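Okay, handing you the structure first.
Here, each number is a calculation from the coordinates, and none is a lab measurement. Everything quoted here is computed from the prediction, not taken from an experiment. Methodologically, a virtual Cβ is constructed for each residue, glycine included, from the backbone with ideal geometry; neighbour enumeration extends over all protein chains shown.
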Amino acid sequence: MGIAKKLVESILQEAKRFGIDIIYLQAGSAAEMYRKFGFREIDRRDTDTAAAGHEILFCKDI
């Protein structure tokens with residue numbers, strides 16, 4: 001497992017531990033990884049500054 005996946009798993013565990021109900025994040029090229037963790041897309045914006053050409057706002061209920 002890669003370091004990015006380990007970090008996401010750790011963040012999700014800590015969020016549960018602290019009683020956080022929902023997590024929001026913004027991603028571009030790593031969007032597919034977040035989808036695999038159950039994050040859902042709530043907004044998308046085209047941009048020239050992101051490597052993927054767009055940024056996506058995700059959320060996940062904990």
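With +1 on each Lys and Arg Cβ and -1 on each Asp and Glu Cβ, how big is the dipole of the chain about its Cα centre, in debye rounded to the nearest 20? Write down the numbers at each step before the final one.
On the way: 10 positive and 10 negative charges, 62 e Å.
Taking the Cα centre of the chain as origin, the dipole is about 300 debye.
For the chain, report the translational diffusion coefficient in µm²/s to the nearest whole number, using Stokes-Einstein at 10 °C, 1.306 mPa s, and a Kirkwood Rh over Cα pairs. Before the final figure, lay out the partial values.
Numbers: Rh = 12.2 Å.
It diffuses with D of about 130 µm²/s by this estimate.
By how many degrees, 0 to 90 and rounded to 10, does the Cα axis of helix 3-17 deviate from the longest principal axis of the chain?
Its long axis makes an angle of about 50 degrees.
Which of Leu57, Leu7, Ile22 sits closest to the plus end of the dipole of the chain, meaning its Cα is farthest towards the positive end, when Lys and Arg get +1 and Asp and Glu get -1 on the C-beta?
The one lying farthest along the dipole's positive direction is Leu7.
Report the label-to-label distance for Lys36 and Ile3 in nanometres (one decimal), using points 7 Å from each Cα along the Cα→Cβ vector.
Distance between the two pseudo-spin positions: 1.7 nm.
Count the net charge of all other residues whose Cβ sits under 12 Å from the Cβ of Tyr24, scoring Lys and Arg as +1 and Asp and Glu as -1.
Details: positive: Arg40, Lys60; negative: Asp21, Glu41, Asp43, Asp61.
Local net charge: -2.
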